[in-house]
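The values are calculated or read from the model by the stated rules, or taken from the named source; none is laboratory data. This is a predicted model, so every value here is computed, not measured. Positions of Cβ are generated from backbone atoms using ideal geometry, with glycine treated the same way; all protein chains shown enter the neighbour counts. Surface areas here come from the heavy atoms of the whole protein model, side chains and all, with no ligands, DNA or RNA. Shrake-Rupley method; radii C 1.70, N 1.55, O 1.52, S 1.80 Å.
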Amino acid sequence: MTRTLPAGLCVTARVPASSANLGPGFDSLGIALGLYDEIVVRTTESGLTIRVEGEGADDVPWGPSHLVVRAIERGLQAAGVWADGLDVVCHNVIPHSRGLGSSASAVVGGLASGRALAAKFDSELMYDDAELVQLAAEFEGHPDNAAASVLGGIVVSWTENVEVADGELLGRRYRAVRLDPHDRLRAYVLVPEERSATAHTRGLLPETVPHGDAAFNASRAALAVVALTQRPDLLIPATEDRLHQGYRASALPVTTAWIARLREAGIAATVSGAGPTVLALSTGEFPAELRELAIAEGLRVLEPAISDGVRTD
């Protein structure tokens, strides 16, 4: 039986951005980055009010179809509760449609807010982060960005099919584990002004790939786990890829050029998610001359911390 929350409960969720793939780990590797959206949710007597400030404020619907609102409602439903009214305020910092997991962050922040409201009402309704990863990945269709925003640090994620005896597919179980990054690892992002649609860049990928390319990426993804956590001196080979970046290069000319430029300078650079942001991983400072050149070409150069996961209070 669904229980109704009283008016006046309030929670705040602070959710990090994320970058997915990290080169070879297509739809499986992710990292949480210290650019944070904040969501404030209060239960009310009835109705819905929503305000959006910052990134994407003019691009998203201010109503029940807003991704955060839908995620809050799903988070409440998962706990077995409901709210007759909601007041939602979104303070957005994460750039939209740049490959920094803005949609996953919206989903995770909404779900975490719903979970926290339920727990304020009854602490026994609190469900764990594994379930939060599952619920968020159901929105996204893959767990890499969502898992990073939930768990923080570096994540390895995977998908399991749920079947019955006759082989009928019932659904998918999304799983992830967190890895702690090497203590000297630093992340930089180069964020262009132009946007990219994940659906478009994913559509550029072939249905099948050569066996040799699959084997190459399997070795590099395994190496990436070592490089990111223990041996950052291996970051350059560990971030090589043959499964997705080459196929997307024609749609991301600025991104592709900067990845080549940074790798030539000894900095492990990859497409962040579906782009167009460039993710660079290093143990040193970002070269001043490259920073100046990137800024001159219209890119923002940011150094977000490698973040913990979503927090609510």
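When the helix-only estimate is applied to the chain (DSSP H runs of n ≥ 4, each -39,500 (n - 2.57), divided by the residue count), what is the mean residue ellipticity at 222 nm, nearest 500 deg cm²/dmol?
On the way: 10 runs with 107 residues, N = 313.
That comes out to -10500 deg cm²/dmol.
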Relative contact order as a percentage, segment 38-102, C-alpha pairs under 8 Å and 6+ apart, gives 54
Charge dipole (the chain, unit charges on Cβ, about Cα centre) - positive-most of Ala218, Val189, Ala294: Ala294
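Can you list which of the trypsin sites (Lys or Arg not before Pro) found in segment 158-246 are DSSP loop residues with at most 14 other C-beta atoms within 10 Å? Provide the component values of the computation, followed by the final result.
Numbers: sites: Arg172, Arg173, Arg175, Arg178, Arg184, Arg186, Arg195, Arg202, Arg220, Arg242; in loops: Arg184, Arg195, Arg242.
Qualifying residues, ordered by number: Arg184, Arg195.
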If you put +1 on each Lys and Arg Cβ and -1 on each Asp and Glu Cβ, how big is the dipole of the chain around its Cα centre, in Debye rounded to 20? 300
GNM result for the chain, Cα springs below 10 Å: residue of Glu303, Glu289, Glu53 fluctuating most strongly: Glu289
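Under a point-charge model restricted to the Cβ atoms of Lys and Arg (+1) and Asp and Glu (-1), what is the dipole moment magnitude of segment 112-212 relative to its Cα centre, in debye to the nearest 20?
Values: 10 positive and 17 negative charges, 89 e Å.
In debye, rounded to 20, segment 112-212 gives about 420.
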Starting from the amide H of Asp308, placed 1.01 Å from N in the peptide plane, find each other amide H under 5 Å away whose residue is 5 or more places distant or on another chain. Gly153
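Just the accessible area per residue of segment 173-313, please: how many Å² with a 1.4 Å probe? Mind dumping the intermediate values first?
Working: 6920 Å² over 141 residues.
Per-residue value: 49 Å².
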Build a GNM of the chain with springs between Cα atoms under 10 Å: which of Ala112, Ala136, Ala83 gets the top mean-square fluctuation? Ala83
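For the chain, what relative contact order do you get, as a whole percent, if you take Cα pairs closer than 8 Å and at least 6 residues apart?
Values: 732 pairs, mean separation 75.0, N = 313.
Result for the chain is 24 percent.
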Share of accessible surface on carbon and sulfur in segment 1-79, whole %, 1.4 Å probe and ligands ignored, is 48
With every protein chain in place, what's the accessible area of Asp37 (1.4 Å probe, Å², nearest 10)? 10
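Before anything else, pin down the relative contact order of segment 169-271: Cα pairs under 8 Å, at least 6 apart, normalised by residue count, whole percent. Don't skip to the end; give the middle numbers.
On the way: 69 pairs, mean separation 26.2, N = 103.
Over segment 169-271, the number comes to 25 percent.
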When the chain is modelled as a GNM with alpha-carbon springs shorter than 10 Å, which of Thr277, Thr49, Thr12 fluctuates the most? Thr49
What is the percent carbon and sulfur in the accessible area of segment 202-260, measuring with a 1.4 Å probe over the protein chains and ignoring ligands? 62
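Roughly how many debye, to the nearest 20, is the charge dipole of segment 163-261 about its Cα centre, given +1 on each Lys and Arg Cβ, -1 on each Asp and Glu Cβ, and no other charges?
Details: 13 positive and 12 negative charges, 67 e Å.
It works out to roughly 320 debye.
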Please report the Cα spread of the chain along all three principal axes, rounded to whole Å, starting with the longest. 59, 54, 36
DSSP bridge orientation in the chain - percent antiparallel, rounded to nearest 5: 85
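May I ask you to give the solvent-accessible area per residue for segment 13-126, in square angstrom, as obtained with a 1.4 angstrom probe? Write down the numbers at each step before the final one.
On the way: 3890 Å² over 114 residues.
Result: 34 Å² per residue.
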For the chain, return all DSSP H helices satisfying: extent of Cα atoms along own axis at least 15 Å; mean Kyte-Doolittle hydropathy at least -1.0. 67-79, 102-121, 129-140, 211-229, 253-264
Quick one: net charge around Arg14, please, counting Lys, Arg +1 and Asp, Glu -1 for every other residue with C-beta under 13 Å from its C-beta. -3
